[in-house]
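K.L.:
Quick one: the structure is below, questions incoming.
Read the figures in this text as sums done on the coordinates, not as results from a lab. None of the values given here were measured: they were computed from a predicted structure. Because the Cβ atoms are built from the backbone with ideal geometry, glycine has one as well, and the counts that use them run over all protein chains shown.
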Amino acid sequence: MRSNRTPSHGFSISRRRLLGASAAGLGLAALPALPGRAEARAFSLAPGPARVKLLADPKAQAADVWAFSGSVPGPVVRARQGERLSIRLGNGLDRATTLHCHGLRLPNGMDGVPELTQAPVAPGGAFVYEFDLPDAGTYWYHPHTQTSEQVGRGLYGALIVEEKEPPKVDRELVWVMDDWRIDDAGALTAEFNHPHDISHGGRIGNLITVNGAELEDVPVRAGERIRLRLINAANGRVFGLRFEGLDPQVIAIDGHPVAPHAPEGGRVVMGPGQRRDLIVDMAGKPGDRLAVVDDYFERFTYTFATFVHEPGSALRSSPLDAPMALAANPLPEPDLAAAVTSDIVIEGGAMGGLRQAMYQGEKLSLMDLWRRHRKVWVLNGVASSGFTEDPMFKLQRGRSYRWRLKNDTAWDHPMHLHGHAFRILTRNGKPAAHRTWSDTVLLHADDEVEIAFVADNPGKWLFHCHVLEHHFGGMGTVVDVA
Ligand code: C2O
Ligand code: CU
C-alpha cells in the first residue's frame, strides 16, 4: 500500500474507515459533534512550494510542485450537509492566489474569482471563506488565479460534503486524478499556457497520478463494497475508465445524486472539473487482479489501476444487500414552460472554421486575435478577456433559463457554471439519460446539449471551459444574476 503525505486523504483514511466499519456497522466514521449550531467547521489551507514524489519508482526524485499545506492533493476538506464551513487561505506562494470551491452553491463573495468576486490574496496575505453547505456530494477546491499554472503545478484538493445518511459501504476511497507533464529527470516542464495547448486539447500530461502519486495496485477484499469518489483535477485530460470484471454503479454526478446506474457504454467518462461517485462491489475471488483501464484515447489505452483481491477468505460471498441511492439535494427545479431560452455557440481552436471574433469591443481577425492576445476560442463570437468583462448574460434572479450549448469545434469542452447546478435535458436532440444535475457538462466535438437551471444565486458568476488553457484562450464569460 502506498504511503500518504497527510493522514487525511486517500488510503490512510480508507484504512481508518475500514477499521471503524466493523465497530460501527457502517462504512463511515461519525464526525465529532459541533460545539454550537452557528460554529463553522474550520480548515486552513496554505498554498506554497513543496517537493512531492510523483513517480512510484523508489529511486525517482521528488518533483518541485506547488501544494496546499505541503501535500498534493491538499488535505481533504470534509464536512457534513447542513453545516457551515470555514476555510482560511494563507498564501505562501510568491504570487497572488484565490480559493475556488468548485461546484458548491455558495454566496458570490466566497466564490474565489479574482477581481470578479474578491481582490486576489497577495503573497503572505490571507482570506477566510465561510459559507453554509446546502448540498451533499463530492466537490473540490483549487485556485482561480493563473489557474492553468497554479492547478497544473499541483494546487487542488478534495472537498467532501457527507450526506446526513450515507449509503452503507465497507470503505470509501477518494481518488483525485491528474496528469503531469514531466521531463526525463522527473521535473515538471515549466511552460504553462503553451500556444499549442491553448489552441488544441490543453496541457495534457505524460504522467498520470491519483492522490499525487502513480497508482498501481489497490488492495481490496473479495466481496467488499467500496464507494469511490472520483475527481478529475487535470488541466485538460478527459478520463474514460472501464472496470474489468466489475459492475460499478454511478450514484452521483458532479456531487449530485442520480438513480444508481451502470455507466453508459460501460465507461466512466470525466472531463476536467467533473466528479463521479461510484459504488463498486469487489466481485473477484481472493487473489484476482481486476484492471481499471482508461481507453478514452484509443491509441493511448493504459491500465489506470488494478484492484488486487487479497488472498485468503472473502469479506462476503455475495454482494452487500443494501440500498445505494442517495437522497436528493435541495435544488430548485427549473420551470421549463416559463424558461428563457438562449443559444451558446462554442467556436475556435485548431482545425476550426472561426475567421473573426469580438475582443474587448473590437472586431479582430482570428490571426490578430491570436497574435496580439493569444485568444483563439469564443462563445457566441466573443473571446473572453478576463474576469471583469461585461456579462454576456444578464439573468433575472429566480427565473428559469434554458441554454442550448453547441460545440462547433474539433475539441472536447467541459463547460462549467459557477454558483449553480443545472439539469442536463438533452444531448444531440435526445432526452439525456437520468436528467442529471451537474456543474460541468462535457461536450464532445459537434455535440449539442441543452441545460436548464434557476438563476437563484445573485452575483456575477463565471461560465467557462474547464480545460484551463481553453479558458485562458478566451473560452469563458460572465453571467450576472440580479
Ligand atoms: Cu473549477 Cu471556474 O472552476
Ligand atoms: Cu474547452
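To keep it simple, each residue is scored yes or no on (1) away from ligand 1 (no atom under 15 Å from the Cβ); (2) over 26 Å from L354 (Cβ atoms); (3) surrounded by 17 or more Cβ atoms within 10 Å (Cβ to Cβ).
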position	(1), (2), (3)
V376	yes, no, yes
G386	no, no, no
G398	yes, yes, no
W411	yes, no, yes
T436	yes, yes, yes
F472	no, no, yes
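K.L.:
If a residue has to be within 27 Å of A445 (Cβ to Cβ), small (G, A, S) and exposed (fewer than 15 other Cβ atoms within 10 Å of the Cβ) to count, how many in segment 330-374 make the cut?
P.N.:
Final tally of qualifying residues: 4.
K.L.:
OK, next. From the list D277, D178, which residue is closer than 23 Å to Q81 by Cβ and in contact with a strand residue (DSSP E or B) (Cβ under 7 Å, 6 or more places away or on another chain)?
P.N.:
Just one listed residue meets the conditions, D277.
K.L.:
Sticking with this structure for a sec: Please note which strands (runs of 3 or more DSSP E) are completely contained in segment 228-309 and include at least 3 residues that are farther than 17 Å from W437 by Cα and away from ligand 1 (no atom under 16 Å from the Cβ).
P.N.:
Qualifying strands (runs of 3 or more DSSP E): 239-243, 275-281, 289-294, 302-309.
K.L.:
On to the next question. Are any residues in segment 410-444 polar (S, T, N, Q) and closer than 18 Å to G273 by Cβ, and if so, which ones?
P.N.:
Within segment 410-444, T436, S438, T440 meet the criteria.
K.L.:
Considering each of D343, D368, D390 in turn, give the residue that is charged (D, E, K, R) and either in contact with a helix residue (DSSP H, G or I) (Cβ under 9 Å, 6 or more places away or on another chain) or in a loop (DSSP other than H, G, I, E, B) (or both). Reasoning before the result, please.
P.N.:
Numbers: D343 fails: either in contact with a helix residue (DSSP H, G or I) (Cβ under 9 Å, 6 or more places away or on another chain) or in a loop (DSSP other than H, G, I, E, B) (or both); D368 fails: either in contact with a helix residue (DSSP H, G or I) (Cβ under 9 Å, 6 or more places away or on another chain) or in a loop (DSSP other than H, G, I, E, B) (or both).
When all the criteria are applied, what remains is D390.
K.L.:
Another question about this same structure. For segment 387-418, which positions are β-branched (V, I, T) and either within 16 Å of ligand 2 (Cβ to nearest atom) or under 17 Å from M270 (Cα atoms) (or both)?
P.N.:
Going residue by residue through segment 387-418, those that are β-branched (V, I, T) are 388, 409.
Listed by number, the list holds a single entry, T409.
K.L.:
Tell me, yes or no, whether segment 445-463 has at least one residue that is closer than 25 Å to R105 by Cα and surrounded by fewer than 16 Cβ atoms within 10 Å (Cβ to Cβ).
P.N.:
yes
K.L.:
Next question, about the same structure. If you check A421, A433, which single one turns out to be more than 10 Å from ligand 2 (Cβ to nearest atom), over 16 Å from the mean Cα position of the chain (by Cα) and over 16 Å from T147 (Cα atoms)?
P.N.:
Of the residues listed, the single one that is more than 10 Å from ligand 2 (Cβ to nearest atom), over 16 Å from the mean Cα position of the chain (by Cα) and over 16 Å from T147 (Cα atoms) is A433.
K.L.:
Can you pull out the residues in segment 96-129 that are in a strand (DSSP E or B) and surrounded by fewer than 21 Cβ atoms within 10 Å (Cβ to Cβ)?
P.N.:
Quick first cut of segment 96-129, residues in a strand (DSSP E or B) only: 97, 100-102, 114, 118, 121, 126-129.
Passing the criteria: Q118, A126, F127, V128.
K.L.:
Another question, then. Of all residues in segment 239-285, which are touching a helix residue (DSSP H, G or I) at 6+ places or on another chain (Cβ under 9 Å) and among the aromatic types (F, W, Y)?
P.N.:
F243, the sole residue that qualifies.
K.L.:
Same structure, new question: How many residues, within segment 180-201, are in a loop (DSSP other than H, G, I, E, B) and more than 22 Å from the chain's Cα centre (by Cα)?
P.N.:
Of the residues in segment 180-201, 9 are in a loop (DSSP other than H, G, I, E, B) and more than 22 Å from the chain's Cα centre (by Cα).
K.L.:
Take segment 104-153 and flag every residue that is more than 14 Å from ligand 1 (Cβ to nearest atom) and in contact (Cβ under 8 Å) with a residue 60 or more places away in the chain.
P.N.:
Matches in segment 104-153: P107, G109, E130, P134, D135, A136, G137, R153.
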